[in-house]
Amino acid sequence: MHNEDEYMLPRQKALVITLTSAGWTNNEQTVTATWVTANNSIIVSPVPTYMSDYTDAKIYCSAQGTDSLTFTCDTTPASDIEVNVLIFSAEAW
């Protein structure tokens with residue numbers, strides 16, 4: 001007999017968020033990311049058409065909290081950048 005919880009598949013949600021060029025303060029920007037918690041797993045990647053701007057600015061997700069993500073950059077980008085976020089949770093939405 002197997003425990004039913006052993007076979008629970010993670011639930012996932014996907015978002016596209018925009019890092020605005022005007023939203024950076026001290027090389028950080030915090031954005032709303034519905035369904036994100038401090039403890040769930042996330043994968044963050046730029047929308048492919050923004051890859052060069054994202055990597056040139058050395059942007060990365062530096063923190064997560066309830067319904068929020070904080071991004072940090074080395075160089076403030078001159079234009080908005082769209083980012084894909086995949087959120088995984090073992091809990092029901």
Per DSSP H run of at least 4 residues, take -39500 (n - 2.57); add these up for the chain, divide by its residues and hand me the 222 nm value, nearest 500 deg cm²/dmol. -1500 deg cm²/dmol
Percent accessible area from carbon and sulfur atoms, the chain, protein chains only, probe 1.4 Å: 50
What are the principal axis extents of the Cα atoms in the chain, in Å, biggest first? 57, 24, 17
Based on Cα positions only, what radius of gyration and what Dmax would you give for the stretch 47-93, in angstroms? 12.7, 39
Taking every other residue with Cβ under 15 Å from the Cβ of Gly23 and scoring Lys and Arg +1, Asp and Glu -1, one gets -4
Ordering Glu91, Glu28 by accessible area with a probe of 1.4 Å, largest first, what comes out? Glu91, Glu28
Kindly identify the stretch 8-53 as rounded, prolate or oblate by the Cα gyration tensor criterion: order the square roots of the eigenvalues as a ≥ b ≥ c, call it rounded if a/c is under 1.5, otherwise compare a/b with b/c, prolate if a/b is larger, else oblate. oblate
Computed over the chain, protein heavy atoms only, probe 1.4 angstrom, the accessible area per residue in square angstrom equals 64
Neighbourhood charge, 14 Å Cβ-Cβ cut-off, centred on Tyr54 and excluding it, Lys, Arg +1 and Asp, Glu -1: -4
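The values are calculated or read from the model by the stated rules, or taken from the named source; none is laboratory data. Since this is a predicted model, take the numbers as computed values, not measurements. Please note: Cβ atoms are built from the backbone with ideal geometry, for glycine as well, and neighbour counts cover all protein chains shown. The protein model used for the area step is the full one, side chains on, heavy atoms only, and it has no ligands, DNA or RNA in it. Shrake-Rupley method; radii C 1.70, N 1.55, O 1.52, S 1.80 Å.
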